[in-house]
1. Determine whether the range 247-257 contains at least one residue that is surrounded by fewer than 20 Cβ atoms within 10 Å (Cβ to Cβ), at pLDDT 95 or above and farther than 20 Å from GLY193 by Cβ.
2. Have a look at LEU56, LEU71 and point out the one that is under 18 Å from VAL142 (Cβ atoms) and not assigned by TED's automatic domain parsing to the domain that holds LEU245.
3. Residues of the range 89-132 being without any contact (Cβ under 8 Å) to a residue 40 or more places away in the chain and among the small types (Gly, Ala, Ser), which ones?
4. Filter the range 59-103 down to the residues that are small (Gly, Ala, Ser) and touching a strand residue (DSSP E or B) at 6+ places or on another chain (Cβ under 8 Å), then identify the one that is nearest to the ligand (Cβ to nearest atom).
5. Take the residues in the range 238-260 that are among the hydroxyl-bearing types (Ser, Thr, Tyr) and within 16 Å of the ligand (Cβ to nearest atom), then tell me which one is farthest from GLN183 (Cα to Cα).
6. Within the range 126-158, how many residues turn out to be aliphatic (A, V, I, L, M), closer than 19 Å to LEU290 by Cβ and surrounded by fewer than 17 Cβ atoms within 10 Å (Cβ to Cβ)?
7. Collect the residues in the range 203-229 that are closer than 22 Å to MET143 by Cβ, out of contact with any Ser or Thr (no Cβ under 8 Å at 6 or more places or on another chain) and of a type in the set (S, T, N, Q), keeping them in residue-number order.
8. Scan the range 71-88 for residues that are in a loop (DSSP other than H, G, I, E, B) and without any contact (Cβ under 8 Å) to a residue 24 or more places away in the chain and jot them down.
Amino acid sequence: MKKKAYWEKNLFELIRRTSTDLPQDVESVIRRSLKAEKKGTRAHHTLGAILENAELARVKDAPLCQDTGALLFEFRVPAGFDTNALVAVTRTAVSRATRHGYLRQNTIDSLSGASYETNVAHGSPVFHFHQGARKTVDVRLVMKGGGCENVGAQYSLPDVDLKAGRDLEGVRLCILDAVWKAQGNGCAPGVLGVCIGGDRATAYKASKEQFLRKLSDKSRVKQLARLESRIMRDVKRMEIGPMGLGGKTTLLAVKIDSLSRVPASMFVTVSFICWAFRRRGMVLGTEGGLKRWLY
Ligand code: SF4
């Protein structure tokens, strides 16, 4: 890899920005939600505190939340690009960002519980690579908090308890069940990423890929766009609210995709991401120079 220093510098900046600067599309939905809540309520107070927190993090150049979460990197690279070198330089940038305090030492050994000083270990960070047609490298990072990861759920339809069949109404019932069971845990208000179909593993991956979408967009599949809007309306009526303290704002958005499946199984996979929706991305030239920011 030529110009390793460019790569490291830009990947470090991607991590810094992701950790400290809540994306505008997320912040503007939180602002809108604040206006929709009654003044003096816990919901209004909590959303105000979230916005204050976001502003402080930006001004003080400090992490938005003490929970660094899992570091999910998505790369789109041109044919023949050296992905091993990209992994190595990203790991170096993660170590450096941890040393600088942009990432808390948040990665531990699953057997011993011992902490890794750099957030670099077997399984951390997480890398996904795709081959793109362009001669640039597209890199996106999501920092996925542990609390919201814990309330994710996967359903296998039909579900007798929910009276949910293998149709979009069954899907809706599963999503609402996941939100109801979470009761605002995982630091609501957040965003749901949903995958209909697929196998268990690819469905979880696809559900999290929904977090790369802008909050303002709608599914290009009409049925799914309608379902996204319907879920938002249904969840508002649950009155779970920010942090589960009551109010209209339990979700900021719902993003749904579908994958093909085998006739024997139909999964509905629901991933949550919290209000600290840390997601940034950038496009780099093949030499590592920054071309533009994506969010
Ligand atoms: S779920 Fe999100 S907001 Fe809550 S502690 Fe984890 S990262 Fe922070």
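1. The answer is no, given that none of the residues of the range 247-257 is surrounded by fewer than 20 Cβ atoms within 10 Å (Cβ to Cβ), at pLDDT 95 or above and farther than 20 Å from GLY193 by Cβ.
2. That would be LEU71, the only listed residue that is under 18 Å from VAL142 (Cβ atoms) and not assigned by TED's automatic domain parsing to the domain that holds LEU245.
3. Listed by number, the residues that qualify are SER95, GLY101, SER110, SER112, GLY113, ALA114, SER115, ALA121, GLY123.
4. GLY69
5. THR249
6. 0
7. SER216
8. GLY80
The values are calculated or read from the model by the stated rules, or taken from the named source; none is laboratory data. From a predicted model like this one, the values you see are computed outputs, not experimental measurements. Every residue, glycine as well, gets a Cβ built from its backbone with ideal geometry; the counts of neighbours run over all protein chains shown.
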